[in-house]
Each structure stands twice: as C-alpha cells, then as structure tokens.
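The values are calculated or read from the model by the stated rules, or taken from the named source; none is laboratory data. Keep in mind it's a predicted model, so treat the numbers as computed, not measured. When we count neighbours, we look across all protein chains shown, and the Cβ atoms used for this are built from the backbone with ideal geometry, even at glycine. Accessible surface areas use protein heavy atoms only, side chains included; no ligands, DNA or RNA. Shrake-Rupley method; radii C 1.70, N 1.55, O 1.52, S 1.80 Å.
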Amino acid sequence: MPRLAYVSGRIMPLADARVHIEDRGHQFADAVYEVCAVLNGRLFDWPQHVARLTRNLSALGIPAPLAPAALDAQARRLVAANRATEALLYIQVSRGAGPRNHVIAPKLRPTLTMTVRPFDFAGRKTLQAKGIAVASVNDQRWGRCDIKTVGLLANVLAKAAAKAEQAAEAWLVDEAEVVAEGGSTNAWLVEHCGLVTPPLSARILPGVMRATVLRLAQGAGIAVAERHFTLTDAHAADEAFVTSTTMPVVGVVKLDGRTIGGGVPGAVTQRLGALL
C-alpha cells in the first residue's frame with residue numbers, strides 16, 4: 001500500500017507531510033489523538049472513536065477542525081487512497097500553531113493530521129492464543145488520564161520499564177498497588193467466570209475496545225463488575241487480559257514474573273476473543 005498522509009485538507013506522501021515548528025502539539029503536547037482499526041477496508045467502531053475525539057476536544061477547549069460528517073469523509077478518503085484493508089488510522093488534532101507561549105493565543109486554527117499504516121490483525125490471533133507477560137509500574141501520569149492526549153511520556157517510560165522486565169505491557173499502579181490500566185490498554189480480571197475491570201474515572205481512558213467488550217460480555221451473559229482491583233487480586237485471579245484497538249482481548253499469563261491462572265489464556269478470555 002502507498003504511504004499517504006492527510007495534513008489540514010491535503011493528502012500527500014508521508015515523507016512530505018509537515019506541520020509548523022511552533023505547532024502546540026509539538027511544543028506543549030497540546031493535542032489529542034485517536035487510533036482506529038481498519039478491518040476488511042472498513043473503519044471499526046468508528047462512531048465511538050469520533051464521539052470520544054469530540055468529547056476530548058471539548059474538554060480541552062480545542063475547536064473541532066471538521067464537523068463529524070466531514071471528518072468521516074476525509075478519513076475514508078485517506079483510507080481509500082492508501083488502499084488499506086487491514087491497517088491503523090491515526091488521527092491527531094492540535095490546538096494549532098502560534099508564537100510559543102504557555103498562554104493560549106486567541107483564534108488559533110487547529111491542526112488536523114491523519115496517517116494510515118499496515119497492521120496485521122490476523123497475527124493478533126497468535127498473540128491471543130499465547131498470552132503476554134505484564135509488569136507493574138508506578139503510575140506517574142497527569143490527573144486527566146481520561147483525555148486521550150499526546151502527552152504520553154509517562155506511558156512511554158512505563159512501557160520501557162516493562163520491556164526491561166521482558167514484559168509486553170505495563171500495569172500502572174498507585175502506592176496501594178491498585179491497578180489503573182495498562183500503558184496503552186485497559187486491564188481486566190476474570191473471577192468466578194465473571195469480568196472485573198476498573199470503573200471509569202479521571203485515572204483511566206474510556207477505551208473504545210473496553211466498551212465493545214462490555215457489550216460483548218453482556219450479550220453473552222457474562223457478568224461484569226466495574227470495580228478497582230489490586231496486584232494481589234490479579235495474582236489470585238482465574239484469568240486476566242488487556243484490551244485496546246491494537247491488543248484486542250489478549251490474555252495476561254504472567255504478572256511480575258508470577259503465573260496467572262493456568263499460565264495460558266483462559267476459557268472466558270478465549271471466548272471473548274472469538275466473539276470479537
């Protein structure tokens with residue numbers, strides 16, 4: 001597939017895509033983003049991604065660069081131009097470019113960029129079959145983790161710490177070892193064949209895949225409890241898994257070097273993966 005990007009109304013080769021050096025997304029992380037799966041050439045859970053993007057822009061006082069219908073048209077135009085069938089659509093909206101100043105200048109024009117890159121979703125089935133290891137990391141993020149901003153330094157460092165422990169993901173915990181979420185995923189346990197996941201709050205991202213799994217569980221008659229859990233709870237759980245657009249229902253088989261459940265993705269995790 002060609003690598004084409006969208007920058008403020010224009011589609012161009014990825015290598016030629018540019019934003020202003022004083023764009024506030026670049027200088028202050030004053031921007032939000034979304035990552036949407038493209039499956040069989042179609043945008044997966046697209047209305048939910050647009051709704052979250054709209055909510056996050058409103059929370060930060062950034063004007064929407066396009067109306068939802070226009071954004072939909074431009075996103076589909078870019079996917080089609082890239083001839084993408086299995087891919088990730090990345091959308092970023094910054095407050096815009098202006099003289100570097102912590103104080104927000106009036107009447108800035110938001111910068112909208114989008115890219116598409118190939119992604120092997122079929123290969124995720126292998127990961128679902130094997131499961132992953134997770135390492136707990138102290139949560140050092142800011143106080144509004146429910147807003148999907150590009151200020152991801154704490155997440156990047158948590159992922160690096162997990163990788164150093166030969167783990168594929170980090171679970172972010174507070175002083176009491178309460179799990180908030182993963183570095184780029186939502187966290188789940190399976191206890192007595194029911195699901196446990198932290199409730200929505202300012203400490204976790206309202207994941208689109210999280211909401212999808214909740215709907216799947218409800219339709220399948222699987223009980224769900226939205227409550228906090230600790231590392232001790234996780235070690236004693238029957239199963240654990242993570243969810244995100246790029247990690248759709250992937251079992252956690254080790255946490256901080258200790259095996260969870262039988263050391264393989266459990267029956268409930270496998271069932272949800274199959275339903276998805």
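With respect to SER244, is the statement that it is surrounded by fewer than 19 Cβ atoms within 10 Å (Cβ to Cβ), of a type in the set (S, T, N, Q) and in contact (Cβ under 8 Å) with a residue 12 or more places away in the chain true?
Spelling it out, it is not the case that SER244 is surrounded by fewer than 19 Cβ atoms within 10 Å (Cβ to Cβ), of a type in the set (S, T, N, Q) and in contact (Cβ under 8 Å) with a residue 12 or more places away in the chain.
Residues are listed down the side, and each one gets a yes or a no for (1) under 23 Å from LEU152 (Cα atoms); (2) within 20 Å of the chain's Cα centre (by Cα):
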site	(1), (2)
MET1	no, no
ALA70	no, no
GLN74	no, no
ALA80	no, no
ALA87	yes, yes
GLY96	yes, no
HIS102	yes, no
ALA105	no, no
MET114	yes, yes
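Please verify whether the range 37-45 includes one or more residues that are in contact with a Cys (Cβ under 8 Å, 6 or more places away or on another chain), assigned to a helix (DSSP H, G or I) and either touching a residue at least 40 places away in the same chain (Cβ under 8 Å) or more than 22 Å from THR149 (Cβ to Cβ) (or both).
The answer is no; no qualifying residue exists.
At least 1 residues that are closer than 21 Å to ARG258 by Cβ in each: list the helices (runs of 4 or more DSSP H) lying fully within the range 145-239 that qualify.
Per the criteria, 153-164, 231-236.
Testing MET209 on (1) free of Cβ contacts under 8 Å to residues at least 24 places away in the same chain; (2) surrounded by 13 or more Cβ atoms within 10 Å (Cβ to Cβ); (3) not basic (Lys, Arg), one condition comes back false. Which one is that?
Tallying (1) free of Cβ contacts under 8 Å to residues at least 24 places away in the same chain; (2) surrounded by 13 or more Cβ atoms within 10 Å (Cβ to Cβ); (3) not basic (Lys, Arg), MET209 fails exactly one: (1).
Could you figure out which of (1) open to solvent by 60 Å² or more (accessible area, probe 1.4 Å); (2) assigned to a helix (DSSP H, G or I); (3) closer than 25 Å to LEU4 by Cβ; (4) not hydrophobic (A, V, I, L, M, F, W, C) isn't true of LYS125?
Looking at each condition in turn, LYS125 falls short on (3).
Could you list, in sequence order, the residues of the range 1-36 that are free of Cβ contacts under 8 Å to residues at least 40 places away in the same chain and part of a helix (DSSP H, G or I)?
Answer for the range 1-36, where residues must be free of Cβ contacts under 8 Å to residues at least 40 places away in the same chain and part of a helix (DSSP H, G or I): ALA15, ASP16.
Within the range 53-71, does at least one residue satisfy the condition of being among the hydrophobic types (A, V, I, L, M, F, W, C), closer than 24 Å to THR246 by Cα and surrounded by fewer than 17 Cβ atoms within 10 Å (Cβ to Cβ)?
Scanning the range 53-71, I find no residue that is among the hydrophobic types (A, V, I, L, M, F, W, C), closer than 24 Å to THR246 by Cα and surrounded by fewer than 17 Cβ atoms within 10 Å (Cβ to Cβ), so the answer is no.
Filter the range 80-119 down to the residues that are open to solvent by less than 20 Å² (accessible area, probe 1.4 Å), closer than 14 Å to VAL35 by Cβ and in a strand (DSSP E or B) and list them by number.
Scanning the range 80-119 gives ALA87, LEU88, LEU89, ILE91, VAL93, MET114, VAL116.
GLY183: under 17 Å from LYS125 (Cβ atoms), touching a helix residue (DSSP H, G or I) at 6+ places or on another chain (Cβ under 7 Å) and either open to solvent by 20 Å² or more (accessible area, probe 1.4 Å) or not aromatic (Phe, Trp, Tyr) (or both), yes or no?
For GLY183, the condition - under 17 Å from LYS125 (Cβ atoms), touching a helix residue (DSSP H, G or I) at 6+ places or on another chain (Cβ under 7 Å) and either open to solvent by 20 Å² or more (accessible area, probe 1.4 Å) or not aromatic (Phe, Trp, Tyr) (or both) - is not met.
From ILE222, ILE260, grab the single residue that is in contact with a His (Cβ under 9 Å, 6 or more places away or on another chain) and of a type in the set (A, V, I, L, M, F, W, C).
ILE260
Where residues in the range 220-241 are touching a residue at least 40 places away in the same chain (Cβ under 8 Å) and open to solvent by 70 Å² or more (accessible area, probe 1.4 Å), which of them is farthest from ASP120 (Cα to Cα)?
Going through the qualifying residues, I end up with THR232.
Determine which member of the set ALA170, ALA161 is within 30 Å of TYR90 (Cβ to Cβ), open to solvent by 30 Å² or more (accessible area, probe 1.4 Å) and under 20 Å from the mean Cα position of the chain (by Cα).
ALA161
Just checking, which of ARG42, ARG52, ARG24, ARG10 is touching a Leu at 6+ places or on another chain (Cβ under 8 Å), of a type in the set (D, E, K, R) and on the phi < 0 side of the Ramachandran plot?
Criteria check complete, one pass: ARG24.
Could you grab me the full set of residues in the range 247-265 that are open to solvent by 50 Å² or more (accessible area, probe 1.4 Å) and part of a loop (DSSP other than H, G, I, E, B)?
Selection gives ASP256, GLY257, GLY262, VAL264.
Could you grab the pairs with beta carbons closer than 9 Å, sequence gap of 6+ or different chains, first residue in the range 169-196 and over 30 Å from VAL150 (Cβ atoms), second one hydroxyl-bearing (Ser, Thr, Tyr)?
From residues that are over 30 Å from VAL150 (Cβ atoms), the pairs are VAL190/THR269.
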